[in-house]
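Peer 1: Take this structure, written in structure tokens, and hold onto it; I'll ask about it next.
The values are calculated or read from the model by the stated rules, or taken from the named source; none is laboratory data. Since this is a predicted model, take the numbers as computed values, not measurements. Using ideal geometry, Cβ is built from the backbone for each residue, glycine included, and neighbour counts are taken over all protein chains shown.
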């Protein structure tokens, strides 16, 4: 079973654009996460975008924004063709030009902590001129025109701050967002380390020592970055990983619990029920029935 982590080449390709045809490419898009932020625009059909365990039915002409490090997957939500465009970008490469204003990375972390809207209906998407933005970005990428990188950045800035304005209109106090976030030493690498070792007995104290940090210092920085404790993050990733086994393999629960790092099958079942509200067996059966009725 492959890792949930999807590596991005931020140095050479800080921006990625694509058009995805579900009839021509491997589908569904399995659960994964990356350090890039991502916009998805539905060109045709309906998609079930599951982000951090929450399902969003995104229809033609609608937009969804995926935060950096969010675990997400994409399934079809209808019987017709599904066609969508995507924009992935490294938010660190999109600073605010004003020294007194927060960067895109800081705004995303702040908005995420406030549980702001990520799915935008057709009216809001039209306000954002998303169709035009995606069309221009795909054209710039395919034709590799002069000034391509600057044009791509300009279009992505349009979407970023268009969404920020919608968030402000819906109640986000942007003045509460810190202009400069505290330095997070090695947290991103730690997340990748955790994801690659979910089947092992991971101890938070050992991870903190690996980062040359005290337990309390590491715990504070980890919670600042992800909004949860490292222990909670590990358990959450194990649940996501187990879902992949339940959906795409016929392995029994004992095998899955071993591969995802739970102490035993009973522990796996208890944790899964706590996070998903049903047992792994019920989850597998429900997903199977859902596929049969589509």
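Peer 1: Which of (1) modelled with pLDDT under 90; (2) surrounded by 14 or more Cβ atoms within 10 Å (Cβ to Cβ); (3) touching a strand residue (DSSP E or B) at 6+ places or on another chain (Cβ under 8 Å) does residue 148 not meet, given it meets every other one?
Peer 2: Against the list (1) modelled with pLDDT under 90; (2) surrounded by 14 or more Cβ atoms within 10 Å (Cβ to Cβ); (3) touching a strand residue (DSSP E or B) at 6+ places or on another chain (Cβ under 8 Å), residue 148 comes up short only on (3).
Peer 1: Among residues belonging to the stretch 268-280 that are touching a helix residue (DSSP H, G or I) at 6+ places or on another chain (Cβ under 7 Å) and farther than 21 Å from residue 54 by Cβ, point out the one that is surrounded by the most Cβ atoms within 10 Å (Cβ to Cβ).
Peer 2: Per the stated criteria, the residue is 268.
Peer 1: Still on this structure, I have one more. Quick check: is even one residue across the stretch 207-224 in the same structural domain as residue 195 (by TED's automatic domain parsing), closer than 19 Å to residue 32 by Cα and under 26 Å from the mean Cα position of the chain (by Cα)?
Peer 2: no
Peer 1: Could you count how many residues in the stretch 61-81 are touching a residue at least 60 places away in the same chain (Cβ under 8 Å) and either within 14 Å of residue 20 (Cα to Cα) or outside any loop (DSSP other than H, G, I, E, B) (or both)?
Peer 2: Matching residues across the stretch 61-81 total 4.
Peer 1: Something else about it: With 209, 191, 220 as the choices, which residue is at pLDDT 80 or above and under 30 Å from residue 101 (Cα atoms)? Working first, answer last.
Peer 2: On the way: 209 fails: under 30 Å from residue 101 (Cα atoms); 191 fails: at pLDDT 80 or above.
After ruling out the rest, the residue left standing is 220.
For (1) touching a residue at least 12 places away in the same chain (Cβ under 8 Å); (2) assigned by TED's automatic domain parsing to the domain that holds residue 63; (3) over 24 Å from residue 48 (Cα atoms); (4) loosely packed, with under 15 Cβ neighbours inside 10 Å, each residue gets a yes or a no:
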residue	(1), (2), (3), (4)
105	yes, yes, yes, no
110	yes, yes, yes, no
120	yes, yes, no, no
123	no, yes, no, yes
140	yes, yes, yes, no
154	no, yes, yes, yes
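Peer 1: Residues in the stretch 130-144 that are outside any helix (DSSP H, G or I) and touching a helix residue (DSSP H, G or I) at 6+ places or on another chain (Cβ under 7 Å): how many? Give the steps one after another, and end with the answer.
Peer 2: Here is the first cut: in the stretch 130-144, the ones outside any helix (DSSP H, G or I) are 144.
Now drop any that are not touching a helix residue (DSSP H, G or I) at 6+ places or on another chain (Cβ under 7 Å), which leaves none.
Selection size over the stretch 130-144: 0.
Peer 1: Sort out which residues of the stretch 7-18 are surrounded by 13 or more Cβ atoms within 10 Å (Cβ to Cβ) and either touching a helix residue (DSSP H, G or I) at 6+ places or on another chain (Cβ under 6 Å) or not in a strand (DSSP E or B) (or both), and write them in order of number. Talk me through it step by step, then tell me what you get.
Peer 2: Filtering the stretch 7-18 down to residues surrounded by 13 or more Cβ atoms within 10 Å (Cβ to Cβ) leaves 8, 10, 14-18.
Within the stretch 7-18, 8, 10, 14, 15, 17 qualify.
Peer 1: Right, something else. Take the residues in the stretch 165-181 that are surrounded by fewer than 12 Cβ atoms within 10 Å (Cβ to Cβ) and part of a helix (DSSP H, G or I); name whichever of them is modelled with the highest pLDDT.
Peer 2: 169
Peer 1: Something else now. I'm told residue 268 meets every condition in (1) under 21 Å from residue 206 (Cα atoms); (2) free of Cβ contacts under 8 Å to residues at least 40 places away in the same chain except one. Can you identify the failing condition by its number?
Peer 2: So the condition that residue 268 fails would be (1).
Peer 1: Something else: Would you mind stating whether residue 41 is touching a strand residue (DSSP E or B) at 6+ places or on another chain (Cβ under 8 Å), within 24 Å of residue 226 (Cβ to Cβ) and in contact (Cβ under 8 Å) with a residue 24 or more places away in the chain?
Peer 2: Values: touching a strand residue (DSSP E or B) at 6+ places or on another chain (Cβ under 8 Å): yes; within 24 Å of residue 226 (Cβ to Cβ): no; in contact (Cβ under 8 Å) with a residue 24 or more places away in the chain: yes.
Against the criterion (touching a strand residue (DSSP E or B) at 6+ places or on another chain (Cβ under 8 Å), within 24 Å of residue 226 (Cβ to Cβ) and in contact (Cβ under 8 Å) with a residue 24 or more places away in the chain), residue 41 does not qualify.
Peer 1: In the stretch 49-60, which residues are part of a strand (DSSP E or B) and in contact (Cβ under 8 Å) with a residue 24 or more places away in the chain?
Peer 2: Taking the stretch 49-60 and keeping what is part of a strand (DSSP E or B), we get 49-51, 54-59.
Residues satisfying the conditions are 49, 50, 51, 56, 58, 59.
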